[in-house]
Amino acid sequence: MVKSPVRVTLTAMTSTLFSKCTQPTRHSGFSLLELLVVLLIVAALMVLAGPSFTTSLQNSRLQSAVGALGTDMAFARSEATTRREPVTLCASTDGNSCAGSAWESGWVVFVDDGAGGGTSGNGSRDGSETLLKVAEASSAGVTIRSHNFAYGNWVMLQGSGRLGFAEGGTFVFCDSRGIENAMAVNLNGVGHVRLAEDNDGDNVPEDDLGAPTKCT
């Protein structure tokens, strides 16, 4: 008796499929040893790059704080000359009023014109004086201190653009590395801002009077 060719073909196909299904599946990827080697290499690179990365991060934070305060000083002067009214920049902890002398907590810029029953040019936001700008707190680890201004927690620009109650002053930006890695900004009597320089080679920038700056 002749076997059906269809039945033979189906039997062969079934046998082939069963054979494929019973073959062990191979998974591609890393072995445990390879993964451990990669982790050790990454750890070694992090150890080598760690100090350099930390220094770069600290420098970046100082530069960011310097840029923010310098920009807002220039903004305050521009607003004062445009409005022909005193504009004050002061340290602030709540983003609304003047408080404390730790500028790293943030600051505000406002029109110090005595509007709404306030007192003009007193360095305090009272009455209904217009709030022009609010600066957020600086990055963690950064401190900002002011020196040589008539008052420690505020600076007022007159309608002429000149400083009120002072011939100049300095803002010093520090971190945990101390004064030798600090940055400073000098503000002169006519309201111009410039980055303080180290002119005597002691790695410490000089303030607006030519004296070494300090972090406290």
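Looking across segment 66-101, the residues that are part of a loop (DSSP other than H, G, I, E, B) and either more than 19 Å from Gly152 (Cβ to Cβ) or open to solvent by 30 Å² or more (accessible area, probe 1.4 Å) (or both) come down to Arg84, Glu85, Thr93, Asp94, Gly95, Asn96, Ser97, Cys98, Ala99, Gly100, Ser101.
Among the residues making up segment 160-208, a single one is open to solvent by 60 Å² or more (accessible area, probe 1.4 Å), at positive phi and in contact with a Gly (Cβ under 9 Å, 6 or more places away or on another chain): Phe165. Is it true that Ser138 is modelled with pLDDT of 95 or more, out of contact with any strand residue (DSSP E or B) (no Cβ under 9 Å at 6 or more places or on another chain) and not acidic (Asp, Glu)? Taking the combined requirement at face value, the residue does not satisfy it.
For segment 108-127, enumerate the residues that are over 13 Å from Ser97 (Cβ atoms) and free of Cβ contacts under 8 Å to residues at least 12 places away in the same chain.
In the first step, residues of segment 108-127 are kept if they are over 13 Å from Ser97 (Cβ atoms); the result is 111, 113-117, 119-121.
Once the filter is applied, which keeps residues that are over 13 Å from Ser97 (Cβ atoms) and free of Cβ contacts under 8 Å to residues at least 12 places away in the same chain, segment 108-127 yields Gly117, Thr119.
Gly152 fulfils the conditions (1) open to solvent by 30 Å² or more (accessible area, probe 1.4 Å); (2) at pLDDT 95 or above; (3) within 27 Å of Ser124 (Cα to Cα); (4) in contact with a Lys or Arg (Cβ under 9 Å, 6 or more places away or on another chain) except for a single criterion, (2). Among the residues of this structure, Gly121 counts as one that is open to solvent by less than 20 Å² (accessible area, probe 1.4 Å), assigned to a loop (DSSP other than H, G, I, E, B) and within 26 Å of Gly191 (Cα to Cα). Restricting attention to segment 102-117 and to residues that are among the hydrophobic types (A, V, I, L, M, F, W, C), at pLDDT 95 or above and surrounded by fewer than 23 Cβ atoms within 10 Å (Cβ to Cβ), the residue that is nearest to the chain's Cα centre (by Cα) turns out to be Val111.
To keep it simple, each residue is scored yes or no on (1) touching a residue at least 60 places away in the same chain (Cβ under 8 Å); (2) touching a Leu at 6+ places or on another chain (Cβ under 6 Å); (3) polar (S, T, N, Q).
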position	(1), (2), (3)
Gly164	yes, no, no
Thr170	no, no, yes
Met183	yes, yes, no
Glu197	no, no, no
Pro205	no, no, no
Pro212	no, no, no
Thr216	yes, no, yes
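The values are calculated or read from the model by the stated rules, or taken from the named source; none is laboratory data. Being a predicted model, the structure only gives us computed values, none of them experimental. Quick reminder, even Gly has a Cβ in these numbers, built from the backbone with ideal geometry, and neighbours come from all protein chains shown. All accessible areas refer to the heavy atoms of the entire protein, side chains included, with ligands and DNA or RNA removed. Shrake-Rupley method; radii C 1.70, N 1.55, O 1.52, S 1.80 Å.
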